[in-house]
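A.B. asks: Below you'll find the structure I mean.
The values are calculated or read from the model by the stated rules, or taken from the named source; none is laboratory data. Remember, predicted model here, so these are calculated numbers, not experimental data. Every residue, glycine among them, receives a Cβ derived from its backbone with ideal geometry; neighbour counts consider all protein chains shown.
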Amino acid sequence: MPASIKPLFEAVKKAALVGPWSQGTKLAREGAVLVDKTGDDAITVRVRIAAQGVAPTVQLYPADCEWACDCEGAADPCAHVAAAVVALQQAAAKGTQVASSEATFGKLRYRLSSRQAALVVERYIVRGEKEEVFNGSLVQSSAGLSPTHEDLAIDRLVTARRGGLIPLERVRELFEQLAAVEDVRLGSEKVQVRREAVGPRAYVADHGEGVVLVVDRDPRVVEAVAPGVVRLGNTLHPMSDVELTGVMLDRLPLKRAFAKSDLGQLVTHVLPEMEKRVAVEIRSRRLPRAKTGLKPRIAFDLSQKEHALSVTASLVYGDPPEALVQDGRLVQLAKHTPIRDEAMERTLLSRLREELHLIVGRRVDFDGGDAIRFAQKLLAWEGETGEARDRIFGKKKIVPRVHIEDDRFEVAFDLVVDDDNATDSERAAQSKRGADPYAVLRAWQEGLPLVPLFGGGWAPLPIDWLSKFGARVADLLAARRDDGKI
Ligand SMILES: [Zn+2]
């Protein structure tokens, strides 16, 4: 049983200024007030004013003595609120009813459907049981309707295209307005329209040794009603990501598996792109965490055999490497995944090509002098603190030892390990090595910085000593016979 209108009438009258109150009384007398809807707590009233397109909507709450109007006028209560309470109070006093807007002028009904791969909005004028299709513009209409702000906003969207077709990118805008509309149908069924956008859901889950990324519709979605529109129970919602979902929705779920070695690629490339459009739920614990601050670099895998040098270059992040770039993709090596710096990667790769004539992932073998020349370039590439420097040369040096007795001449170059951490057995092993004196002099004469060692590897030439004695030693060696006598 609706509350009496009397206290609300008194409250409005008391609060109203003279102007709006008398204007409202006049509107009520002219029959401008029409009841839209009578609920338990609220009465919705429309106030039709000649020469004004929109009929303001007044909400009255008799039990709470509250009111609201959508006219956004300066006075509160406005003339429309005054008109509403006056009309209702007079009708109550006479024991009659205020005319309903539907019975008088008909009401707008919206019917949604899908045609030509688009959402279609059709409007009908409903009077009692009868409905009549309404085409054309509400603004220019003489049908006597009392359009709301929402009706007029929808009118602009619906009349923008022939046949009431709503393009995908306008669906959310339509739903903003449609959510305030009373009578919306899907076919013959009455439905509720909500503004809340519903998007597809994405998640990452364990799959074999790796993971799978799944993009699927929201499990609450019962049906895709039209492009850009889904149905959840009895409510219709716009879809949140038109680009991803509109036409593609029927192709969901999308599944993409990632092997263990591709998890870095997933974390640094695929997920950030996906998350721009859809929230991604991570259900797997296998994903590496992205780590910033790791720089790309070229790592060299060097192996020596006799005086040959095998080199394989690779593009890695971190030292020691935490990830490897292989065929353009990031392969995870450790717990963290770096954020790639592809500009720097490209710079490194082109330097590698130009300065060392290497490409990543391909092994190259160098022999003899070529190995030394390559090693020289590698040292220049790495600077003073490279791992190749340590790997190839360590802290080795060769020390000349000359022995002259009567007409016998001996020269040897012994290997000395200048490393405090070397064990005694390592020192003993190294002392048996050394370099062939002829090789030392040949390297020096060729201007090379290194000489091959017995048993493999190289050591820097003792340049200072050779610049003092090298020429003389070369002469003595040239004059020496096989038995050591000169
Ligand atoms: Zn008003």
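A.B. asks: Identify all residues within segment 27-79 that are among the polar types (S, T, N, Q) and within 14 Å of the ligand (Cβ to nearest atom); write none if there are none. Can you show your working first?
C.D. replies: Step one: filter segment 27-79 for residues among the polar types (S, T, N, Q), giving 38, 44, 52, 57, 59.
Scanning segment 27-79 gives 44, 52, 57, 59.
A.B. asks: Moving on. Which ones in segment 155-166 are touching a strand residue (DSSP E or B) at 6+ places or on another chain (Cβ under 7 Å) and either of a type in the set (Lys, Arg) or buried (at least 16 other Cβ atoms within 10 Å of the Cβ) (or both)?
C.D. replies: 157, 158, 164, 165, 166
A.B. asks: Mind listing just one residue for me: the one in segment 300-321 that is within 13 Å of residue 360 (Cβ to Cβ) and not hydroxyl-bearing (Ser, Thr, Tyr) and, of those, farthest from the chain's Cα centre (by Cα)?
C.D. replies: Ranking the candidates gives 311 first.
A.B. asks: Pairs, please: C-beta under 6 Å, at least 6 apart or cross-chain, first residue closer than 10 Å to residue 16 by Cβ and in segment 56-84, second within 11 Å of the ligand (Cβ to nearest atom) and not in a strand (DSSP E or B)?
C.D. replies: From segment 56-84, the pairs are 75/20; 78/20; 78/71; 79/20; 79/23; 79/24; 82/20; 82/24.
A.B. asks: Could you say which residue among 306, 382 is on the phi > 0 side of the Ramachandran plot and either hydrophobic (A, V, I, L, M, F, W, C) or at pLDDT below 85 (or both)?
C.D. replies: 306
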